[in-house]
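A quick write-up on the structure given underneath.
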Amino acid sequence: MKFEKLTELIIELEVDDIEAAVKEALDADGKDPFDVLNALTKGMDEVGRRYEEKEYYLTELVLAGETMKEAFKVLQPALAASDKSIDKTKIILATVQGDNHDIGKNILGSLLLSSGFEVHDLGMDVDENVIVEKVKETGATIVALSSLLTMTVEHIKTTHEALKSAGIRDKVKLIVGGAPLNMELAKRLGADDFADDAVDGVRHIKKLAGK
Ligand code: B12
């Protein structure tokens, strides 16, 4: 299995073929899972570029996320078993309490995984106390929250306050996203940063992580 083929499968959004292709690449003698990750990431970078150039749209971005998820089913255990580590930055990802939208969050999650972050996805409708506990448990330094409803953006503020009450607000960077938000509102709600799409979100998170 040539690495270029893996890159191509991501760019072409071949969600049904990627898992077998990654498995084949990993089974081949001497294939380092990190080289496989690099090949997939290269594909995701190209998908991101095409999205920004408006050659790809949301549908393709969602499908690319699904394709990466399939690839990670076999790649993640191989990476975990390897003694190298790409990045120790841990991210807590969640959709805020009361909100059951998770498509955007999931796209961001798969892009972050493909960039080598350790992502703890808590799902949707997540209580701020659960987020606080998970930050404590994992030692995560970034909390990324999604909110799609005007009604639920206030939970960004309550999460910020819960982190503060727990005495760990200064240990984490809080980044948020979702249609009702913008940088000004995000800051007013206590967040450190905002990005309006997942591709830009990864860029911002890399900066927050000092990369
Ligand atoms: C799909 C959808 C649903 C699905 C959700 C399925 C799921 N598993 O997610 C279902 C049917 C469940 C649903 C339910 C409801 N929905 Co709805 N839904 C949508 C819809 C059509 C698409 C949202 C979506 O997935 N977009 C695609 C993703 C990829 O985009 P995204 O979420 O914006 O994410 C991108 C960026 O925002 C960013 N991003 C997102 N999160 C984060 C986080 C970080 C950290 C960063 C950096 C970036 C980032 O990156 C993403 C990718 O680039 C929108 C309308 C719209 N066009 O947006 C309405 C919409 C969000 N829904 C709406 C409403 C009102 C509801 C309901 C209240 C309807 C009802 N009366 O029951 C319920 C609420 C249920 C609940 N408690 O949450 C309203 C919200 C209005 C508002 N401002 O409050 C919208 C805008 C529709 C409308 N025009 O009225 N919905």
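Is it true that L122 is modelled with pLDDT of 95 or more and within 22 Å of L75 (Cα to Cα)? Give the steps one after another, and end with the answer.
Numbers: modelled with pLDDT of 95 or more: yes; within 22 Å of L75 (Cα to Cα): yes.
Taking the combined requirement at face value, the residue satisfies it.
Between a first residue in segment 1-28 that is in the same structural domain as K73 (by TED's automatic domain parsing) and closer than 17 Å to S114 by Cα and a second residue that is acidic (D, E) and part of a helix (DSSP H, G or I), which pairs have beta carbons less than 6 Å apart while being 6 or more apart in sequence or on different chains?
So the pair list comes out as I11/E46; V15/E66; V15/E70; I18/E70; E19/E70.
Report the residue count in segment 98-118 for those that are within 12 Å of the ligand (Cβ to nearest atom) and either in the same structural domain as V15 (by TED's automatic domain parsing) or surrounded by 20 or more Cβ atoms within 10 Å (Cβ to Cβ) (or both).
Of the residues in segment 98-118, the ones within 12 Å of the ligand (Cβ to nearest atom) are 98-112.
Going one step further and asking which of them are either in the same structural domain as V15 (by TED's automatic domain parsing) or surrounded by 20 or more Cβ atoms within 10 Å (Cβ to Cβ) (or both), we end up with 99, 104-112.
Result for segment 98-118: 10.
Could you tell me whether any residue of segment 54-67 is crowded, with 19+ Cβ neighbours inside 10 Å and either assigned to a loop (DSSP other than H, G, I, E, B) or aromatic (F, W, Y) (or both)? Steps first, please.
First, pick out the residues of segment 54-67 that are crowded, with 19+ Cβ neighbours inside 10 Å: 56, 61, 64-65, 67.
With the extra rule that they be either assigned to a loop (DSSP other than H, G, I, E, B) or aromatic (F, W, Y) (or both), the set shrinks to 56.
Scanning segment 54-67 turns up at least one residue that is crowded, with 19+ Cβ neighbours inside 10 Å and either assigned to a loop (DSSP other than H, G, I, E, B) or aromatic (F, W, Y) (or both).
Assuming G190 fulfils every condition listed in (1) touching a Lys or Arg at 6+ places or on another chain (Cβ under 9 Å); (2) part of a helix (DSSP H, G or I) apart from one, which condition is it?
(2)
Filter segment 82-97 down to residues that are at pLDDT 95 or above and under 22 Å from D45 (Cβ atoms) and give me whichever is surrounded by the most Cβ atoms within 10 Å (Cβ to Cβ).
To start, the set of residues in segment 82-97 that are at pLDDT 95 or above comprises 90-97.
Next, only the ones that are under 22 Å from D45 (Cβ atoms) stay: 91, 93.
On the way: I91: 25, L93: 27.
Filtering segment 82-97 for residues that are at pLDDT 95 or above and under 22 Å from D45 (Cβ atoms), the one surrounded by the most Cβ atoms within 10 Å (Cβ to Cβ) comes out as L93.
Would you confirm whether any residue within segment 16-27 is surrounded by fewer than 16 Cβ atoms within 10 Å (Cβ to Cβ), assigned to a helix (DSSP H, G or I) and small (G, A, S)?
The answer is yes; a qualifying residue exists.
The values are calculated or read from the model by the stated rules, or taken from the named source; none is laboratory data. Owing to the predicted nature of the structure, the values given are computational and were not obtained by experimental measurement. All Cβ positions, even for glycine, are placed from backbone atoms using ideal geometry, and neighbour counts span all protein chains on display.
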